[in-house]
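Beneath this line is the structure, given in structure tokens, with notes to follow.
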Amino acid sequence: MTDIQQPPIEKLNRRPRTLFARSEKFRLSAEIRIIPRGLVMAVAALFLIVVGTAIAVNWNDPGPRRALFLAGDLTAVSIVVAAYIFLLAYINRDAKRRGMSPTLWTLLVIFLPGTPISGSIIYFLVRKPLPYHCPQCGSTVRAEFNFCPQCKRNLRPACPHCGHEIDETDRYCANCAWELAAPAHPEPAR
């Protein structure tokens, strides 16, 4: 029988390096601006045309009251359709800025079996993180990079003792308590 060599215990305790090292700051106003203004205006114009036509055609039918009820129903349906159109536009633009295939994801959201929302849920679960700027040289780097391709800066520093990912401002490793170099920006005394 052959002896199987076991890896040292400290290697088994290592956490895998995270893919999402940078947290994204979510601002609704910035996310809404991704939807093209032309599309918003076109949907608003179509809504006014549809509701105006429905009211004009049905105004004298059994009375204006029915035309107003029809306008309310059309408004409810239009809101749902507009929200779906805006969701498709958002996914298309968001996929492009994250370095994913915008056409593929738009078609996937449209044609995925099930509800029209299931494709968008899948997109939001598997989308890549946003690229960010290297703190040293300012070039754009993807979130899965460990080093900047322009200046070779380590974007994911690790503890030299145990290998766990650390923050640049940490004085001690949170995993093994190894003393790290003094932080670049020491905190003021209180």
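The values are calculated or read from the model by the stated rules, or taken from the named source; none is laboratory data. Quantities reported herein were computed from a predicted structural model and do not represent experimental measurements. Cβ atoms come from the backbone with ideal geometry, glycine included; neighbour counts cover every protein chain shown.
Provide a single number: the residues in the range 72-98 that are under 20 Å from Leu130 (Cα atoms) and surrounded by 13 or more Cβ atoms within 10 Å (Cβ to Cβ).
11
Given the criteria of a type in the set (Gly, Ala, Ser) and in a loop (DSSP other than H, G, I, E, B), does Gly163 qualify?
Considered against the rule, which asks whether it is of a type in the set (Gly, Ala, Ser) and in a loop (DSSP other than H, G, I, E, B), Gly163 comes out as yes.
Inside the range 1-117, counting only helices (runs of 4 or more DSSP H) that do not spill past its ends, which hold 2 or more residues that are under 30 Å from Asn146 (Cβ atoms) and either in contact with a His (Cβ under 8 Å, 6 or more places away or on another chain) or at pLDDT 80 or above (or both)?
28-32, 64-97, 102-111
Name the pairs: first residue in the range 79-99 and at positive phi, second residue modelled with pLDDT under 90 and part of a helix (DSSP H, G or I), Cβ to Cβ under 9 Å, at least 6 apart or on different chains?
Cβ pairs passing all conditions: none.
Where the second residue is among the aliphatic types (A, V, I, L, M) and the first is surrounded by fewer than 14 Cβ atoms within 10 Å (Cβ to Cβ) and lies in the range 116-128, which pairs have Cβ atoms under 6 Å and are six or more apart or on separate chains?
Final answer for the pair search is Ser118/Leu112.
If I ask for residues that are of a type in the set (S, T, N, Q) and touching a helix residue (DSSP H, G or I) at 6+ places or on another chain (Cβ under 8 Å), which ones from the range 111-167 would you list?
Answer for the range 111-167, where residues must be of a type in the set (S, T, N, Q) and touching a helix residue (DSSP H, G or I) at 6+ places or on another chain (Cβ under 8 Å): just Ser120.
For the range 140-163, state whether one or more residues are without any contact (Cβ under 8 Å) to a residue 40 or more places away in the chain, hydrophobic (A, V, I, L, M, F, W, C), within 30 Å of Ile35 (Cβ to Cβ) and surrounded by 13 or more Cβ atoms within 10 Å (Cβ to Cβ).
Yes, that holds for at least one residue.
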